[in-house]
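Let me begin by presenting the structure, written as structure tokens, before commenting on it.
The values are calculated or read from the model by the stated rules, or taken from the named source; none is laboratory data. Computed from a predicted model, the values in this text were never measured in an experiment. With ideal geometry, Cβ positions are generated from the backbone for all residues, glycine too; neighbour counts draw on all protein chains shown. Heavy atoms of the whole protein, side chains included, go into the accessibility calculation; ligands, DNA and RNA do not. Shrake-Rupley method; radii C 1.70, N 1.55, O 1.52, S 1.80 Å.
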Amino acid sequence: MSVRHLLPIAATLLLASCAAAVATTPISTPSIGGTPGGADGGTAPSLSTSVPPPTAAVVPTANSSPVGASLASAQADFDCDGKVDRLQFFARPPGAPRDAIILARLTLASGTVHDATLGSNDVSEANPLIGIADVNGDGCDDAIVTVGRGASTTWTSFLVYDDNDLRRVEEDGKPAMFLFGGSVRHGNAIECRTRKDATELVARAVSDYTSDFQWDAVEDVHHWSTRSRLVLWSTSRSVIEVGVRYAMPADQEHYWGLSCGSVKLAG
């Protein structure tokens, strides 16, 4: 057979060989969600295995009762268990509401902690603790505290341990507040006393604004309905006459000052 006849046959065989090679070569297509080595023959990893999961952000937990500088502290038996507890007072940090300027923290001997807040009209109050005494007659120690100051009077309240908590004394559903002190024209006094088996808190006020020769006096007697609640029991009014203009009443201590147990302060 001549060379001229062999050329068409060789060309035909070469074309057939190239077609077979193209038909048997697989085409690799990446897959986003496929499994490596899966039916699609892809080798690219899936998105779920190539991107690390996000890490949750760590958010700092705010202190539920932040405290500032220590103002005062006292040790006494506030829960009547025969063990010494500790009552501390702290200044609230800047930005605290004006009705919660001072934080009182009672740490019992058992380690249990109870908090209460005190309002004050004097943000620079150096020491809110006036003294420790049994003000409600339950045999436990209580705290007599300052909740503000006027021009010549001290605004006073009480902290007691009642119903497993540290509570500010209330009357008519509101925090109770009493005055002691005064000037040469008026006076206020607070007395804790027990009469006929009833523990009372007496608030007195006098002034000589009506006449230069007399003092108008008012006495409110409050009884304890619970360890931390007061009710107004009685109110009485009287006139104290003096022979000299602007003279002070004979029993001045009765109308100026504070007397609760061992805590006795002049007005």
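Give me a count of the residues in region 226-262 that are in a strand (DSSP E or B), of a type in the set (S, T, N, Q) and surrounded by 12 or more Cβ atoms within 10 Å (Cβ to Cβ). Summing the residues that are in a strand (DSSP E or B), of a type in the set (S, T, N, Q) and surrounded by 12 or more Cβ atoms within 10 Å (Cβ to Cβ) in region 226-262 gives 2.
Scanning region 165-175 for residues that are open to solvent by 60 Å² or more (accessible area, probe 1.4 Å), within 21 Å of Ala74 (Cβ to Cβ) and among the charged types (D, E, K, R) yields a count of 1. All of (1) farther than 16 Å from Leu230 by Cα; (2) at pLDDT 95 or above; (3) not in a loop (DSSP other than H, G, I, E, B) hold for Cys140 with one exception: (3). For region 204-218, a tally of residues being buried (at least 21 other Cβ atoms within 10 Å of the Cβ) and either more than 19 Å from Leu258 (Cα to Cα) or under 32 Å from the mean Cα position of the chain (by Cα) (or both) returns 2.
Residues that are closer than 18 Å to Leu258 by Cβ and open to solvent by 60 Å² or more (accessible area, probe 1.4 Å) within region 176-200 comprise Met177, Thr194, listed in sequence order. Residues in region 142-164 that are open to solvent by 50 Å² or more (accessible area, probe 1.4 Å) and not polar (S, T, N, Q): Arg149, Ala151, Trp155, Asp163.
Of the residues Asp142, Asp212, Asp165, which single one is without any contact (Cβ under 8 Å) to a residue 60 or more places away in the chain and either touching a Phe, Trp or Tyr at 6+ places or on another chain (Cβ under 8 Å) or aromatic (Phe, Trp, Tyr) (or both)?
Asp212
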